[in-house]
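Novice: Following this message is one structure expressed as structure tokens.
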Amino acid sequence: MTNLATNLTTTATEQPEQDALRVSGQGVTYAQLHGMAAKVAGTLRAEGVQPGDRVAVILPNVPSFPVVYWGILLAGGVVVPMNPLLKAGEIDYFFSDSGAKIAFVWPDFVDEATKGAQNSGTRVVTTGAMGPEDFEGGEPIADPTSREDDETAIILYTSGTTGRPKGAELTHSNIHLNAMRSAHVIQQMTAEDVVMGCLPLFHVFGLVVGLNAATIAGASLALIPRFDPEAAVEVIEKERVTIMQGVPTMYAAILNHPSSDGMDASSLRTCASGGSAMPLEVMKAFEEKFGCVILEGYGLSETSPVASFNMPDRERKPGTIGLAIPGCEMRCVDEDGAEVPVGEVGEIAIRGDNVMKGYWNKPEATAEAIPDGWFRTGDLATMDDEGYFTIVDRKKDMILRGGMNVYPREVEEVIYQHPDVLEVAVVGMPDDLLGEQVGAAVALREGSSATPEDVIAFTKERIAAYKYPRKVWVVDTLPKGPTGKILRREVSAPTG
């Protein structure tokens, strides 16, 4: 295995007429996808892009995303996927930091990208639904340009919960092995499968576990340009989706959408969930309503992304993130990096062929994140005696109330049991006496008459006295990241 794009050329040779992509009832075959990607690769080369050069992608989930993604890789370039909702100042940082020569940009975002490209000199190429416009030349490159396993294939910028985003360098080997295991071990994917492509492809989960895994298996990826529960219901029915991948808020949105009440979900076999902890109430209700199994896993941009999963051929333990996948080791460690006893809370540390090469041009940050060959995730968890991990919380989200540790996730699980609560985020609030106090923002179901006092009383009955929220406030909706993950760090208590 050298260049990651070998996966595309192999599948296009073996199954040329198989649909690689399905969009609005239309198919794009593997042969067509390969042909379009080869043209992009040839034009990139003609425009001076050499192996190892960075090329940015600012596109929604439309066919042109896989086209330019594979085109960049065929040419030996490094893909820099970016969230289309970034503003000019943020784009400037990403372009300048990565040194992107060219950026493929969706028409709606061209103005912002052009403003953002002024300092870096990155060339902005307007890219429609099927591929780049006014971008032709050179001989198509159908065979992947030679690359080494440990050379960078993708630079994924982390969400930057602390300071500016850092570019995680993922190698051809990182992505290939993780996608292969995502396809075969975790999802048992075959060429017969139709995979739901509602996760953004600019995000590591959708890119590797979705697009790359489907390409290895020769499966079809049914794309939704932007997640919407009604559109998702329609695609599951019309395309006979067999594998869904999503974050918990996507499952909750489909579950609670009126159009899902009559949904024919008989084709749905496996659902993979990651990105944040899946509330058990949502998991149970979704499985009962649609007759499928949700397998929960865990990973980060820095781990390509999958590190652990509830495997389909092993016992599933709902509420856990499963076992470390093949090729990956996981353990819970203390501040000094020593492993903590079974059942005790520690920070998840990961070692294996899925761990990134490092942060792009940031050796100090890399050394801090991987001090001894083990990548420190910043996530707190426990491990049971069978090796199953349970996330307790982000290290930085933990609330310290009067010297007692309160993990927001545990409190949220209880609040989700309230029949009127649709979404919740538990956060710490400054408190003169205790240092921090527990607060909760809740979004209620339509037509609900529950009050903040009701939610507090409900939680108080079910959890230790130091853990229940002393303040609850109702919001229309909670802030979410690009994948639909609830962003606790952007939730703050109303004053007064």
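What follows is calculated from the coordinates using simple rules that are stated; it is not laboratory data. Since the structure is predicted, the reported quantities are computational estimates derived from the model, not experimental observations. All Cβ positions, even for glycine, are placed from backbone atoms using ideal geometry, and neighbour counts span all protein chains on display.
Novice: What angle do you read, to the nearest 10 degrees and between 0 and 90, between the alpha-carbon axis of helix 30-46 and the longest principal axis of the chain?
Specialist: It works out to around 70 degrees.
Novice: Among the GluC sites (Glu not before Pro) within region 385-416, which fall in a DSSP loop and have no more than 12 other Cβ atoms within 10 Å of their own Cβ?
Specialist: Numbers: sites: E386, E410, E412, E413; in loops: E386.
Counting only loop positions with at most 12 other Cβ atoms within 10 Å, the GluC sites (Glu not before Pro) in region 385-416 are E386.
Novice: Which angle from 0 to 90°, rounded to the nearest 10, does the C-alpha axis of helix 172-181 make with the longest principal axis of the chain?
Specialist: It works out to around 60 degrees.
Novice: OK, next. Using amide H atoms built 1.01 Å from N in the peptide plane, name the residues 5+ places from G128, or on other chains, whose amide H lies under 5 Å from its own.
Specialist: Distant-sequence amide H within range of G128: E133.
Novice: Moving on to the next point. Which ordering of F109, F458 is given by a fewest-first count of other beta-carbon atoms within 10 Å? Let's see the in-between values first.
Specialist: Values: F109 23, F458 20.
By the 10 Å Cβ count, ascending, the order reads F458, F109.
Novice: Just need log10 I(q)/I(0) for region 1-395 at q = 0.13 Å⁻¹, Debye formula, equal scatterers on the alpha-carbon atoms, no solvent, rounded to two decimals.
Specialist: Computed log10 I(q)/I(0) values: -1.08.
Novice: Can I ask one more? Go through region 135-210 and name the trypsin sites (Lys or Arg not before Pro) that are in a DSSP coil and have 15 or fewer other Cβ atoms within 10 Å of their Cβ. Show your work: numbers first, answer last.
Specialist: On the way: sites: R147, K166, R181; in loops: R147, K166.
For trypsin sites (Lys or Arg not before Pro) across region 135-210 that sit outside H, G, I, E and B with at most 15 neighbouring Cβ atoms in 10 Å, the list is empty.
Novice: For region 5-89, run through the GluC sites (Glu not before Pro) and keep only the ones in DSSP coil with at most 13 other Cβ atoms within 10 Å of their Cβ. Numbers along the way, then the final one.
Specialist: Working: sites: E14, E17, E47; in loops: E17, E47.
When the GluC sites (Glu not before Pro) of region 5-89 are filtered for loop state and at most 13 Cβ neighbours within 10 Å, E17 remain.
Novice: Between I154 and residues 5 or more places away or on another chain, which pairs have amide H atoms under 5 Å apart, with H built 1.01 Å from N, and which residues are they?
Specialist: V79, L170
Novice: Most exposed first by the Cβ proxy, i.e. fewest other Cβ within 10 Å, how do E151, E288 rank?
Specialist: Working: E151 18, E288 10.
So the ranking, lowest neighbour count to highest, is E288, E151.
Novice: Further question: Show me, for region 261-274, the HN-Hα J-couplings you get by feeding each phi into the Karplus relation (A = 6.51, B = -1.76, C = 1.60, θ = phi - 60°), rounded to Hz, glycine and proline as x.
Specialist: Going residue by residue, I get 4, x, 5, 7, 9, 5, 6, 5, 10, 10, 10, 9, 10, x Hz, with x marking Gly and Pro.
Novice: List the relative contact order of the chain as a percent without decimals, with contacts defined as Cα pairs under 8 Å and 6+ residues apart.
Specialist: Working: 1152 pairs, mean separation 52.7, N = 496.
It rounds to 11 percent for the chain.
Novice: Would you mind giving the three semi-axes, in whole Å and largest first, of the ellipsoid equivalent to region 135-208 according to its Cα gyration tensor? Kindly include the intermediate steps, with their values, before the conclusion.
Specialist: Details: eigenvalues 102, 98, 45 Å².
Semi-axes from the Cα gyration tensor: 23, 22, 15 Å.
Novice: So, one more: If one takes the longest principal axis of the Cα atoms in the chain, at what angle in degrees, from 0 to 90 and to the nearest 10, does the Cα axis of helix 229-238 lie?
Specialist: Tilt of helix 229-238: around 60 degrees.
Novice: To continue, here is another question. Taking the number of other C-beta atoms within 10 Å as the exposure measure, put S276, S259, S449, S308 in order starting with the fewest.
Specialist: Numbers: S276 20, S259 14, S449 7, S308 28.
So the ranking, lowest neighbour count to highest, is S449, S259, S276, S308.
Novice: Which lysines, if any, have their Cα less than 28 Å from the Cα of K395, not counting same-chain residues under 8 positions apart?
Specialist: Filter leaves K166, K284, K317, K357, K362, K460, K467, K471, K480, K485.
Novice: Continuing with the same structure: Taking amide H atoms as placed 1.01 Å from N in the peptide plane, list the residues 5 or more away in sequence, or in a different chain, whose amide H sits under 5 Å from that of R54.
Specialist: V78, K101
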